[in-house]
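Novice: Take a look at this one; I'll ask things after.
None of the figures in this text is laboratory data; all of them are computed from the coordinates on show. None of the values given here were measured: they were computed from a predicted structure. Cβ: placed from backbone, ideal geometry, glycine included. Neighbour counts: every protein chain shown.
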Amino acid sequence: MSQTAVTMSSPDVRPTRFHWVVFAVACSASWMLYLHRYTFALIKPILAREWGLNEEQLGWIDSAESSCYLLFQVPLGALVDGVGVRLVLTLLMVCWSAGMGVCAAATSVPLMAFGRALFGAGQSAVYAALNRVSRNWFPASVRSSMQGLVAVFSGRIGGLSSYVVVGSLMMGVLNWGWQPTLAALAASGLLLAIGFAALFRNSPWQHPRVNTAEARMIDGVLPGEAVPAAPPRMTRREVLRGASRRSLLNLFALNVQSILSTLADNIYSSWIPLFLATVHGFKLEKGGLYSALPLLGGAIGGVVGGWLNDGLIARTGNRRWSRTSVALAGKGMAAVLLLAAIVFTYDSPRAFCFMLFAVKFFSDWSLTTSWSTVTDIGGRTTATVFAFNNTVASIASVIAPLLFGYVAAHYDWKAVFTITWIVYGLCALSWLAIDCTIPVLREKPE
């Protein structure tokens, strides 16, 4: 909380509802992030044809993006906690849109890799910032549901929109070239950055369109109660001293889970359109539609996961095992269904993609749990903790395109999906070691 002077509000004053505008802006940022991120998967078959690149070479270009995504997570996440979401997230949107523009103008592999690297730096701390938005702008009782809608549903719908609107419609039916398509997307990102900077403030207490009643409702302060002062900013040394061995081990377990989840997720963000094109001969119009099916499942699963988290916590009062049971069940079912898809439907691309819809539904209902766990354990340094967790997870974003590209080029795509099945099973088991009630930092006594 970063309020300064706050006037007392009467119990009968109705709260304003501007946090729903913030919710819409956050959803828009998440949607556009994935709309842009998944587009490179669509142009991979074109680059393979026009530039003569194989899966392994395309994986190296992917790794340029994921390497910068990894490198900038923690410093920019810490900057979010230090100077606030508004400035940092606006600059990130500008940076990733500039990277998209460079890719649109690229005429060589090195320039394309540079554009992807700039793109990765711009997208690196976006979800750390959005996690901070959910903590500052939404009551704790509905935070998991809001995170499911912002992070998972809106993001997956953005990826789906990339495959359907950008791939099937713009580049397929309308026959836009990939360069003008990327240029148009870059311009849309810059417009979003301008709109975000105009509408958003770091805290409801700072926004001129939010009254005290709404700010109190968000922070859970009852009428007549004193508004707690904002905690002082912590130094890096205080952060390190505030972490116990137990909390660090718990964070490590969450990191392992995030690495495994990110490794599995790379198959949907980077490879499905190429798999359908090379193995089954799907053209862009049809390939975009079928590639979107798993993302639709993930979007729905994210909403269901948020609802299950909040509902189980309210019903049982046990936050730790409510979160663990939702996440373990989701990743476990994803593993079971992916194995069934490989065994029974692999040679039928339509049936296989429908099975991937179900796999992603269960996988992504646990993604909301991961977000909520970071918020639970992160406290007032939630953006820094989120960025650190995402940085560690981004190791998988660097490894996955190299691994999957190599395996697809030298073995076959069934081996790629088999690796993903094993990763899902390990990810499910990792949730047994995660306790969302152990904060990273010990709170100082009053």
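Novice: First select every other residue whose beta carbon is under 11 angstrom from the beta carbon of Leu289; then total the charges, Lys and Arg +1, Asp and Glu -1.
Specialist: +2
Novice: So what's the net charge close to Ala396: Lys and Arg +1, Asp and Glu -1, counting the other residues with Cβ under 14 Å from its Cβ?
Specialist: After counting each charged neighbour, the total is -3.
Novice: Quick one: putting +1 on the C-beta of Lys and Arg, -1 on the C-beta of Asp and Glu, what dipole do you get for the stretch 300-446 around its Cα centre, in Debye to the nearest 20?
Specialist: Result for the stretch 300-446 is approximately 160 debye, rounded to the nearest 20.
Novice: Follow-up question, since we're still on this one. Loop sites only, by DSSP: take the chymotrypsin sites (Phe, Trp or Tyr not before Pro) in the chain that have at most 16 other C-beta atoms within 10 Å and name the longest stretch containing none of them.
Specialist: It works out to 177-345.
Novice: Hey, another quick one. Taking a virtual spin label 7 Å from the Cα of Ala415 along the C-beta vector, which residues in the stretch 342-357 bring their backbone nitrogen under 19 Å of it?
Specialist: Counting only backbone N, you get 342-343, 346-347.
Novice: Between Thr278 and Leu426, what is the spin-label point distance in nm, taking each point 7 Å from the Cα along the Cα→C-beta axis?
Specialist: In this crude spin-label approximation the distance works out to 2.3 nm.
Novice: Mean residue ellipticity at 222 nm from the helices of the chain, using -39,500 (n - 2.57) per DSSP H segment of n ≥ 4 over the full residue count, to the nearest 500 deg cm²/dmol?
Specialist: Taken over the chain, the calculation gives -25000 deg cm²/dmol.
Novice: Can you find, among Phe404, Gly379, Tyr38, the residue farthest towards the positive end of the dipole of the chain? Put +1 on the C-beta of Lys and Arg, -1 on that of Asp and Glu.
Specialist: Gly379
Novice: Here is a further query. Take the Cα pairs of the stretch 126-189, get the Kirkwood Rh, then feed it into Stokes-Einstein at 25 °C and 0.890 mPa s and tell me D in µm²/s.
Specialist: In µm²/s, the coefficient rounds to 180.
Novice: Out of Leu356, Gly172, Gln147, whose Cα points farthest toward the positive end of the dipole of the chain (charges: +1 Lys, Arg; -1 Asp, Glu; placed on Cβ)?
Specialist: Gln147
Novice: Let me ask something additional. Placing unit charges on C-beta atoms (Lys and Arg positive, Asp and Glu negative, everything else neutral), compute the dipole magnitude of the chain about its Cα centre in debye, rounded to 20.
Specialist: With only Lys, Arg, Asp and Glu charged at Cβ, the dipole is about 740 debye.
Novice: Return the loop-located trypsin sites (Lys or Arg not before Pro) in the stretch 342-446 (DSSP other than H, G, I, E, B) with at most 15 other Cβ atoms within 10 Å of their own Cβ; answer none if there are none.
Specialist: Loop-located and lightly packed - Arg442.
Novice: For the stretch 101-126 and the stretch 360-408, what is the separation of their C-alpha centers, rounded to whole Å?
Specialist: Using only Cα atoms to place each centre, the spacing works out to 22 Å.
Novice: Order of Glu65, Glu55 from fewest to most other C-beta atoms within 10 Å?
Specialist: Glu55, Glu65
Novice: With respect to the cross-link table entries Lys44/Lys283; Lys283/Lys360; Lys331/Lys360, which display a Cα-Cα separation exceeding 20 Å?
Specialist: Lys283/Lys360
Novice: Have a look at Leu185, Trp413, Val210 and report the one farthest towards the positive end of the charge dipole of the chain, computed about the Cα centre with Cβ charges (Lys/Arg +1, Asp/Glu -1).
Specialist: Final value for the positive-end residue is Val210.
Novice: Could you give the dipole magnitude of the stretch 91-230 about its Cα centre, charging the beta-carbon of Lys and Arg +1 and that of Asp and Glu -1, in debye to the nearest 20?
Specialist: Dipole size: approximately 80 debye.
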